[in-house]
1. At a Förster distance of 41 Å, what's the computed FRET efficiency of E149 paired with D64, Cβ-Cβ distance as r, to 0.05?
2. Mind jotting down the three principal axis lengths of segment 1-160 based on Cα atoms? Whole angstrom, largest first.
3. Taking the solvent-accessible surface of protein heavy atoms with a 1.4 Å probe, what is the per residue accessible area of segment 1-124 in Å²?
4. Simple spin-label model, 7 Å along Cα-to-Cβ: R125 to A253 in nm?
5. For E112 and S246, compute 0.36 nm times the residue count separating them, minus their Cα-Cα distance, and round to one decimal in nm.
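The values are calculated or read from the model by the stated rules, or taken from the named source; none is laboratory data. Here the structure is a predicted model, which means the values were calculated and not measured. Note: ideal-geometry Cβ built from the backbone for every residue, glycine included; neighbour counts use all protein chains shown. Only protein heavy atoms, including side chains, enter the accessible area calculation; ligands, DNA and RNA are left aside. Shrake-Rupley method; radii C 1.70, N 1.55, O 1.52, S 1.80 Å.
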Amino acid sequence: MPAPVESYAAVGDSFTEGMGDERPDGTPRGWADLVAAALAHAHGGTIGYANLAIRGRLLAPIVDAQVPAAIALRPQLLSINGGGNDILRPRVSISAVADRLVAAAMRASDAEIRTLVVSGGNPTRHIPLGARFERRGDALADAVRTRLEGSGVLFVDNWFDERLPALQYWSIDRLHLNTHGHTVVASNVLAALEVPIAGAVMAPDAGDELERPRTAEYWRRYVLPWIGRRLTGRSSGDDRDPKRPSLEPVDVAALS
């Protein structure tokens, strides 16, 4: 078994921030928090954990700002996610996104940080223009996997996880994973890291299926604002700061 991880940093967008898996006070938890809790459990105590992810971020600010900041923290483990918001834009070069994501991962790996790239789940069965975005997501996952072969950087492929396209794993907006979905991603990451999955640090049961809004209400509440942000170049994460910008001590109970 690999040596226990004593420090972990995560970078990315809303997927890594944990949107869709909110605590009772409204703050996001998500798969990265669950992974940190499991790492603390495997370590037998407390580890340092930072989460620099910010919702709505395109890949460029992730690799230009978040990745250097995370490397500067010198964590033993770094997870990188990005590109999901890029493939939702009207125009995108999948090859360029893959190149930039892999280059950022290699930069962290060259700094002697154990690095993994984590892809998001596939929401395209339940969102407008889903077929178009699915083709882009398929191409991006394949491109990243191919580029990382033999590099020593782990690729955790949630995009092609056969469970995650099901609606039961998605929050009410159908674009962010819910508690069940984030739990699946956490288990995939921990399996890739060969870290035991302790039931005590997995997300609790999310309860009954969400009462989802009717079609017209769904478009008004979620789709039209989402389209508006993309047409105007705005982001849901504008003026937001990372939820854990430094390696703060964390144990199993702290992230439950």
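1. Working: r = 25 Å, r/R0 = 0.62.
Efficiency for this residue pair is about 0.95.
2. So the extents along the principal axes, rounded to whole Å, are 46, 41, 29.
3. On the way: 4190 Å² over 124 residues.
Per residue, segment 1-124 has an accessible area of 34 Å².
4. Rounded to a tenth, the inter-label distance reads 4.0 nm.
5. Net length gain for the segment: 46.4 nm.
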